[in-house]
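The values are calculated or read from the model by the stated rules, or taken from the named source; none is laboratory data. On a predicted model such as this, the values are computed, not experimentally measured, just so you know. Here the Cβ positions follow ideal geometry from the backbone for every residue, glycine too, while neighbour counts run over all protein chains shown. The accessibility values were calculated without ligands, DNA or RNA, using every heavy atom of the protein model including side chains. Shrake-Rupley method; radii C 1.70, N 1.55, O 1.52, S 1.80 Å.
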Amino acid sequence: MGSVSSVNAIAEHRKNVGFLFFDPKSDSETGSTYWIPHDDLLQKFDEITGSEPDKILWIAVYASPLDHLMIYSNDDDCKIAKKRLLKDLLQIQSLTLQDGVTAIPLNESNLFEWLAFITGPDDTPYEGGLYELHLSIPCHYPVKPPKVRFKTEIFHPNIYKNGDICIDILQDQWSEVMSIEKILISIRSLLNEPNANSPANPEAALLYKEHRNEFYRRIRDDIDKQFNE
């Protein structure tokens with residue numbers, strides 16, 4: 001199953017990722033550069049950037065301090081979004097599929113396109129399913145919400161057939177306190193708490209309300225397809 005290899009790639013990336021910070025306000029005339037390995041990222045993030053974050057040049061590092069790629073600088077038009085997405089990335093690095101959600105930027109040079117996975121919640125018809133999602137994040141994040149779409153086929157009253165999601169937190173109930181992690185957790189909760197009165201998929205909503213066994217069967221058929229592909 002292709003999704004499994006992608007999940008494994010996320011896990012491998014998580015073991016290697018770290019961040020290299022350059023602080024031009026250090027005692028040295030040229031500034032100071034220091035490497036922070038993955039295990040210390042979230043703990044050190046606020047400590048390093050808390051005093052004068054606008055004075056710091058942020059560089060994301062993958063694999064080693066010598067293999068680095070800049071993804072944030074102060075003269076960037078999207079610097080507020082990138083700064084926030086960096087923190088989102090640090091937060092979600094601690095999660096695995098055992099937590100039900102995981103995610104990573106699709107490309108190390110682009111923080112605005114993410115690959116995510118959620119698992120079907122236990123004791124629901126979606127249990128055992130593995131669902132791939134794509135997140136497209138605007139430059140005005142977190143003022144504006146991301147666009148999130150299921151890439152894996154899923155039968156649900158609030159998910160359009162093209163994978164778009166009808167959920168209030170990505171629309172009129174969006175809040176700047178939301179993060180990539182919280183978005184994915186909310187979407188996962190939606191799987192077990194559909195709103196059939198405001199459907200994106202009318203067929204799924206009808207079956208959910210009037211023919212629940214058939215609704216469950218359709219979900220299970222889709223999950224079986226995942227393991228037969």
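I need the full set of residues from region 106-121 which are more than 17 Å from GLN226 (Cβ to Cβ) and either without any contact (Cβ under 8 Å) to a residue 24 or more places away in the chain or open to solvent by 10 Å² or more (accessible area, probe 1.4 Å) (or both), in order please.
LEU106, ASN107, GLU108, SER109, ASN110, PHE112, GLU113 - these are the residues of region 106-121 that are more than 17 Å from GLN226 (Cβ to Cβ) and either without any contact (Cβ under 8 Å) to a residue 24 or more places away in the chain or open to solvent by 10 Å² or more (accessible area, probe 1.4 Å) (or both).
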Identify all residues within region 122-164 that are without any contact (Cβ under 8 Å) to a residue 40 or more places away in the chain, more than 18 Å from the chain's Cα centre (by Cα) and within 22 Å of SER198 (Cα to Cα); write none if there are none. ASN162
Checked region 135-160 for anything farther than 15 Å from LYS225 by Cβ and open to solvent by 30 Å² or more (accessible area, probe 1.4 Å); matches are SER136, PRO138, CYS139, HIS140, VAL143, LYS144, PRO145, LYS147, ARG149, TYR160
For region 191-217, give me the residue count where each residue is surrounded by fewer than 18 Cβ atoms within 10 Å (Cβ to Cβ) and at pLDDT 95 or above. 11
Report every pair of residues separated by at least 6 positions or lying on different chains whose Cβ atoms are under 6 Å apart, first residue within region 180-208 and under 12 Å from ASN158 (Cα atoms), second of a type in the set (Phe, Trp, Tyr) and outside any helix (DSSP H, G or I). LEU191/TYR126; ALA200/TYR160; ALA204/PHE155
Go through region 172-190 and give me each residue that's surrounded by 13 or more Cβ atoms within 10 Å (Cβ to Cβ) and not hydroxyl-bearing (Ser, Thr, Tyr). TRP174, MET178, ILE180, GLU181, LYS182, ILE183, LEU184, ILE185, ILE187, ARG188, LEU190
